[in-house]
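Taking it in order: structure first as C-alpha cells, then the write-up.
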Amino acid sequence: MIELKNVCKQFGSVEVLSQIALEIQTGEIVGFLGHNGAGKTTLMRIMTTYLPATSGQVFIDGKNAATASLAIRAKIGYLPEKPPLYPNMTVNEYLTLAGRLHNVRPRDLKGAIASVCAECWLTDVQNSPIAILSKGYQQRVGIAQAIIHNPAILILDEPTSGLDPLQVVQVRALIKRCQSQRTVIVSTHILSEIEHLATRVVIIKQGTIAADASVEEVIRTQQSNTLEEAFLKLNRGRSPISC
Amino acid sequence: MRKINAIAQKELLALFCSPIAYVILFLSTVIFNVFFFMIIDQNREAQLKDVFTVVEFMLVFFVPIFTMKIFSEERASGTLEFLLTAPVKDIEIVLGKFLGLSIFLTCVLAPTLIYYFILSRFSDFDRLAALWGYCGLWLEGYLFIAIGIFLSSLCRSQIVAAMSSYMVLFLLYFTLSFKTYTQGMWSSVIGYAAVMTHTENFFTGIFLLSDLVYFVSGILFFLLLTKLVLKFR
C-alpha cells in the first residue's frame, strides 16, 4: 500500500506540490492526470524516493521513504518520462545491468531477462544496440527494465508520449498485461489513456489534488458526459479556452 | 560489491564503445614510448624518474577527457534517474564509476610497465625505486580521477566538467611554482597541497607516509564529496 501524508514539495520559493494526501491500495491501477507542470512527475519522483518531500511523509508498505529508501526502491519499478537508456548498450546488456542493480540473483537473471523480453515483445531485438531501435521499442525496453525485478509497484510517467498510434496501442496493451499482478500508477495528460487503463483517477491541478475517484465517479460528480469534459471543468480558469 | 562491479562494467563498456578510449590509448602509448626513447637516449641513465614526470604531466591532459562525462552525461540524458531510483547506495554508484575509470587508467598506464622490463633486461637499475614510482603514478591517476568524477557530478555540461577539471588539475600540478612567492605557513601549505611534492618522493623511490596519506585521503575526500553531491542533488 502507498500512503502519502500531507506531502509538500518546494523548489526554492515555488511550491510545486501542496498538502498531497493519498492512499493507493495493492492492485489498484491509478492514473495521475494533469496539465504539463501540474506536479505529476514531481509526485512520482517523490514516491520513487528520487526526490525528498519538503514536508509530509511517504509510506510504501509501511516503510517510510525518508528512512528506508533502498527497501522502497527494491519494491518499485519506475519508467521516467524519458526512458533512461544507454544507447551504446544492447537490450540484453542493459537489462542485465538493470537486473543486477535491482537485486535479481545471478542464477535468475537470464530467466528474468528472457521473461521480460517475451512480455515486452523484445525477444527479436535482444542483441540489438538500443541506439538503433525505434521509439516504440525503446519505450518497451524502458518498461522491461522497470519490471525486470518483478516489482510490486509500477510507476510509469507518460509512457506513451511521443509514440505513434500503433506504438501507443502496443504500449497500452503491455501496461494492461503488467497490471494484472501489480499496483500500477500511470501519469499522463492524455485523457483516453486513463479511460483505457485506470480504475481510479487522481486529477492534479497546480500541485493539489482536484479530484480522486473512479473515472465514472469523476464524470458523474462533474455532471459531464466524458472524462475530457470533467477534466476541463475541473481546470476551468487555467486555460484561455473555457468550456 | 556486485552492484559496484555492474556499474564499473557499464562505464568500461561506455568508454570502449566510444572512440575516445582508443584515441587516448593510442596517443598515450605513442607519447610515452617516444619520451621513454628520448629520455633514455639523452640521459644514458637506467632510471625511470624523468619518464614518470612526463607520464604524470600527460595524465593532467588525459584524465579530464575520460572523467568529464561520467556524471554530466547521465544528468543530461536522464539516466541518473535510472541509477538513483534503483536500490543502490549513492556510495556504490560513486565507487562503481571510480572503479571503472581506474581500470581504464590501468589500461593506459600498464603498457609503460614494459620500460621496467627493458631496463631490468639491459641494466642493473634500482628496481624498487621504479616500482615505487609506478605506485606514485597510479595513485596520482586515481586522485585525478576522483577529482574529475567530483567535478563532473557538479556539471550538466561535459565541456564545463572538462574545463573545471583542467583548471583544478593544472592548479594542483603547478601549485609548487607559487611556493617561492610565499613564506611561513603558506609556503608549507602550498608545498603540501602540490601534487608534485609527493610524486617527486615516489619517483625517486623515497617512501614517506605523508605522501601515501596525501593521495589516499585526497581520493577519499573527493569520492565522499561526490556522494554528498548525489545526496543533495
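The values are calculated or read from the model by the stated rules, or taken from the named source; none is laboratory data. Because the structure is a prediction, the values reported are computed rather than measured. Neighbour counts run over all protein chains shown; Cβ positions are idealised from the backbone, glycine included. Ligands, DNA and RNA are stripped out before the accessible areas are found, and what is left, the full protein with its side chains, is counted by its heavy atoms. Shrake-Rupley method; radii C 1.70, N 1.55, O 1.52, S 1.80 Å.
Got at least one residue in segment A:162-177 being surrounded by fewer than 17 Cβ atoms within 10 Å (Cβ to Cβ) and among the basic types (Lys, Arg)? The answer is yes; a qualifying residue exists. Scanning segment A:92-108 for residues that are in contact (Cβ under 8 Å) with a residue 40 or more places away in the chain and facing another protein chain (nearest Cβ under 8 Å) yields a count of 3. What are the residues in segment A:163-203 that are among the acidic types (Asp, Glu) and under 19 Å from A:GLU216 (Cα atoms), if any? Once the filter is applied, which keeps residues that are among the acidic types (Asp, Glu) and under 19 Å from A:GLU216 (Cα atoms), segment A:163-203 yields A:GLU193, A:GLU195. Check segment B:32-44 and report whether any residue there is surrounded by fewer than 15 Cβ atoms within 10 Å (Cβ to Cβ), in contact with a Gly (Cβ under 9 Å, 6 or more places away or on another chain), in a helix (DSSP H, G or I) and more than 10 Å from chain A (Cβ to nearest Cβ). No, there is no match, as no residue in segment B:32-44 is surrounded by fewer than 15 Cβ atoms within 10 Å (Cβ to Cβ), in contact with a Gly (Cβ under 9 Å, 6 or more places away or on another chain), in a helix (DSSP H, G or I) and more than 10 Å from chain A (Cβ to nearest Cβ). When the residues of segment A:43-72 are filtered to those that are touching a residue at least 60 places away in the same chain (Cβ under 8 Å) and not β-branched (Val, Ile, Thr), the one that is farthest from A:LEU154 (Cα to Cα) is A:GLY62. Taking segment A:1-86 and the strands (runs of 3 or more DSSP E) fully enclosed by it, the elements with 1 or more residues that are within 12 Å of chain B (Cβ to nearest Cβ) and surrounded by 15 or more Cβ atoms within 10 Å (Cβ to Cβ) are at A:76-79.
Being in contact (Cβ under 8 Å) with a residue 12 or more places away in the chain, among the basic types (Lys, Arg) and farther than 24 Å from A:GLU217 by Cβ is true for just one of A:LYS40, A:LYS75. Which residue is that?
Of the residues listed, the single one that is in contact (Cβ under 8 Å) with a residue 12 or more places away in the chain, among the basic types (Lys, Arg) and farther than 24 Å from A:GLU217 by Cβ is A:LYS75.
Note on segment B:86-143: residues that are charged (D, E, K, R) and either within 30 Å of A:THR67 (Cβ to Cβ) or crowded, with 16+ Cβ neighbours inside 10 Å (or both) total 6.
Listed conditions (1) more than 14 Å from every other protein chain (Cβ to nearest Cβ); (2) open to solvent by 50 Å² or more (accessible area, probe 1.4 Å) are all met by B:GLU73, apart from (1).
Just a yes or no: is a residue in segment A:101-113 under 27 Å from A:THR42 (Cβ atoms) and either under 20 Å from the mean Cα position of the chain (by Cα) or in the same structural domain as A:ILE2 (by TED's automatic domain parsing) (or both)? Within segment A:101-113 (the criterion being under 27 Å from A:THR42 (Cβ atoms) and either under 20 Å from the mean Cα position of the chain (by Cα) or in the same structural domain as A:ILE2 (by TED's automatic domain parsing) (or both)), the answer is yes, since at least one residue qualifies.
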